[in-house]
Amino acid sequence: MTQKRILITGAAGFLGSHLCDRFIKEGFKVVAMDNLLTGNIKNIEHLFPLANFEYYHHDVTKFVHVPGDLDYILHFASPASPIDYLKMPIQTLKVGALGTHNLLGLARSKNARILVASTSEVYGDPMVHPQTEDYWGNVNPVGPRGVYDEAKRFMESITMAYHTYHNVDTRIIRIFNTYGPRMRLDDGRVLPAFIGQALRGEDLTAFGDGSQTRSFCYVDDLVEGIYRLLMSDYAYPVNIGNPDEITIGDFAEEIIRLTGTSSKIIYKPLPQDDPKQRKPDITKAKEILGWGPTINRSEGLKRTLEYFMTVIPKSV
Ligand code: UDP
C-alpha cells in the first residue's frame, strides 16, 4: 500500500497539533500548515525531526500551493475562541471564507478528499435542544460572534457546492466544545480561564448567573471522531461532541474541587449572544461512524490539569 499524504491547516493549534500526532501515528506523510496567528509552533516542535513531517508557514487566505500529491486535506485553521475572534474579526471571516475556498480549489486540483472543521456555533443560541444536524440554527449575523458563525456557515455552504457542482470528495464536522492539553492558557475559553485562575489562586470568573450550559469533549475522543468521519463516505455535516451537559456554575465548582484551590466563584456580565445551552445530539455519529465519547470529564480534566500544571508557574 502506498503511503498517504495529508495536508493539515491550523496544524500548530490545539486541535491541529493533535491531528498531526494522530496521522503521523497512522503512518501518513503529514504536511502541516499554519501562519501562527493563534497557533504555537511548540505544539508541533517534536515532529520536526521526523522524515514524514513537513511544515509550511503560510496564511491560507492567500493562494495555497503544495508541491506533490495530496490524498487528504483537513482544514482546521481559524481563530476559535470568542476572545480571539473578537480581537481578529476580519481574519476570522477570511480564513473561514477565502481560506476554505482556496483549500477546496486545492482539493479539486489534487483530487484529494477534504474535511472542513465547522462548529456547534452554526446553531447560534439554539432553540432546539440537544442540537441535531438538521436544525438550521439561530445566529445573529451582526453580533460579535457573527464573524465566526457566519464564516463557518459559509464554509459549509461552499463545501457542499464544491461537492455537488465539482464532485469534490468532502466531509463536514461540527465540533462542540473540546478541551485537553495544548489549549492556549490566554484564549479566554472557559476551561483554561478557570484552571488558570484556580492554579494562580484567583477567583473564578463565571459569566452571567452561571446557568448557561456546555458539553465538553476530551480531545482524544474528538480526534477519533475526525479520523472516522474522514475515512467514511458521508458528505453531510456530523456533530462530534460529548453530550454530558453541565452548567458553567457547576463546572466552576468542579474545577475548584479538582485543583483544591481556596478560590471562590465571582460573577461577571454575560457576553452578548452567549448561547444559553449547548449539547450535541450524536445519534448520527453513532450510527454512521460507530463513534461515541470514551473519556469522561473527570478523567479528561485530570489529564488536562496535569498539562496546565507544567505551563503555569506555581504561585499557590
Ligand atoms: N465563560 C465564563 N467565564 C470565563 C470564560 C467563559 O463563565 O472566564 C462562559 C462563557 O460565557 C460561555 C461558556 O463559559 O457561556 C463557554 O465559553 P467559551 O468561551 O469557552 O466558549 P463558547 O462555548 O461560548 O464558544
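A few remarks follow.
- For D169 and L305, the difference between the fully extended length at 0.36 nm per residue and the C-alpha to C-alpha distance is 45.1 nm.
- Backbone phi angles across the range 5-14, fed through the Karplus curve with coefficients 6.51, -1.76 and 1.60 (θ = phi - 60°), yield HN-Hα couplings of 10, 10, 9, 10, 8, x, 5, 8, x, 4 Hz in residue order; Gly and Pro are listed as x.
- Debye log10 I(q)/I(0) at q = 0.10, 0.11, 0.21 Å⁻¹ for the range 42-167, Cα point scatterers: -0.37, -0.44, -1.24
- Here the range 171-252 is treated as a Stokes sphere of Kirkwood radius computed over C-alpha pairs; at 10 °C and 1.306 mPa s its diffusion coefficient rounds to 112 µm²/s.
- Charge context of F63, other residues only, Cβ under 15 angstrom, K/R +1, D/E -1: +3
- The range 244-316 - accessible surface per residue (Å², probe 1.4 Å): 58
- Ratio of Rg to Rh over the range 177-310 (Cα coordinates, Kirkwood Rh, two decimals): 1.00
- Debye intensity ratio in log₁₀ form over the Cα atoms of the range 222-280, taken at each q of 0.28 Å⁻¹: -1.16
- In this label model, F48 and E254 are separated by 3.6 nm, measuring between points 7 Å along each Cα→Cβ vector.
- Qualifying chymotrypsin sites (Phe, Trp or Tyr not before Pro) in the range 1-69, DSSP loop, other Cβ atoms within 10 Å at most 12: F63
- GNM flexibility winner over the chain from R113, R189, R257 (Cα, springs under 10 Å): R257
- Shape call, the range 26-88: gyration tensor on alpha carbons, a/c limit 1.5: prolate
- The chain: translational diffusion in µm²/s, Stokes-Einstein, Kirkwood Rh over Cα pairs, 4 °C, 1.567 mPa s: 65
- Charge context of K264, other residues only, Cβ under 14 angstrom, K/R +1, D/E -1: 0
The values are calculated or read from the model by the stated rules, or taken from the named source; none is laboratory data. Nothing here was measured: the structure is a model prediction, and the numbers come from that model. Every residue, glycine as well, gets a Cβ built from its backbone with ideal geometry; the counts of neighbours run over all protein chains shown. With ligands, DNA and RNA removed, areas are computed over all heavy atoms of the protein, side chains included. Shrake-Rupley method; radii C 1.70, N 1.55, O 1.52, S 1.80 Å.
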